[in-house]
Amino acid sequence: MQVAIDGPAGSGKSSVCKIIAEKYSLTYIDTGAMYRSIAWISIHFGEDNLVEKAGNTEFILEDNGRKISVKYDNNVYDLTKEIRMPEISAKVAFAASNRDIRKILVKKQQAFAEGSDVIMEGRDITTVVLPNADIKIYLTASPEERAKRRFKEWESMEQNEEYAKVLEEIKKRDEMDMSRKESPLLQSEDAVLLDTTGLSLEQVADKIGEMIISYKNKK
């Protein structure tokens with residue numbers, strides 16, 4: 001079974017996918033973490049030849065997707081925490097908007113999903129990476145709600161960011177994701193729209209769980 005979830009920044013994709021993966025024994029794949037890893041590489045190893053660097057990067061997913069490391073230039077780097085830092089968030093759209101980098105990472109993402117029961121989240125999963133997924137969901141929330149979540153996340157990591165700045169960055173990222181030429185963020189026609197504004201994480205997980213149970217009962 002393949003569960004594909006798309007949605008903008010801060011919509012709760014990662015948090016709810018971890019819950020669903022554990023509850024229904026699915027392999028969790030966070031494609032956004034892969035683009036964030038390339039952004040990290042661009043910061044630490046330079047932006048030149050970034051497409052080639054992306055092709056030479058091996059992604060290592062452990063603890064059912066909760067831990068991500070990369071093998072680059074014969075060294076392994078645990079990026080689980082580092083890629084969640086504000087400086088990475090500010091750079092990730094640069095990597096994600098590169099057509100050739102997307103092509104490389106899409107192939108790697110499809111390879112991870114092949115022959116497995118997965119829940120994969122990102123911005124082009126239902127439209128490009130897993131267009132034939134069994135369950136497709138577009139997860140969203142108001143910009144204010146998403147900024148509030150991201151603000152709390154960074155606050156817990158002792159990152160001193162102001163809410164107004166976080167909201168501005170959320171809106172800017174939305175515009176970049178939705179307007180880019182290569183694999184723009186959009187809701188596929190056959191994806192279920194799930195607005196999580198005002199919903200708890202558990203409530204969102206329950207709604208997705210109902211979809212999974214319904215799918216299994218129809219088989």
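Points to keep in mind about this one:
- Top-ranked residue in segment 105-151 [being under 19 Å from residue 212 (Cβ atoms) and of a type in the set (D, E, K, R); ranked as surrounded by the fewest Cβ atoms within 10 Å (Cβ to Cβ)]: 117
- Pick from segment 99-117, criterion among the aliphatic types (A, V, I, L, M) and more than 14 Å from the chain's Cα centre (by Cα), ranking: farthest from residue 38 (Cα to Cα): 113
- Residue in segment 17-29 that is among the charged types (D, E, K, R), assigned to a strand (DSSP E or B) and in contact with a strand residue (DSSP E or B) (Cβ under 7 Å, 6 or more places away or on another chain) present: no
- Take the conditions (1) of a type outside the set (S, T, N, Q); (2) within 16 Å of residue 124 (Cβ to Cβ); (3) in a loop (DSSP other than H, G, I, E, B); residue 65 misses just one of them, which is (2).
- For beta carbons closer than 9 Å, sequence separation of 6+ or different chains, a first residue in segment 132-160 that is more than 21 Å from residue 21 (Cβ to Cβ) and in a loop (DSSP other than H, G, I, E, B) and a second that is modelled with pLDDT of 85 or more and acidic (Asp, Glu), the qualifying pairs are 142/195.
- The one condition in (1) buried (at least 17 other Cβ atoms within 10 Å of the Cβ); (2) hydrophobic (A, V, I, L, M, F, W, C); (3) under 17 Å from the mean Cα position of the chain (by Cα) that residue 186 fails to fulfil: (1)
- Checking residue 171 against (1) more than 14 Å from the chain's Cα centre (by Cα); (2) closer than 25 Å to residue 38 by Cβ; (3) in contact (Cβ under 8 Å) with a residue 60 or more places away in the chain, the condition it does not meet: (3)
- Residues that are loosely packed, with under 14 Cβ neighbours inside 10 Å and modelled with pLDDT of 85 or more, drawn from segment 153-167: 162, 164, 165
The values are calculated or read from the model by the stated rules, or taken from the named source; none is laboratory data. Computed from a predicted structure; not experimentally measured. For neighbour counting, all protein chains shown are included, and Cβ atoms are generated from backbone atoms with ideal geometry for every residue, glycine included.
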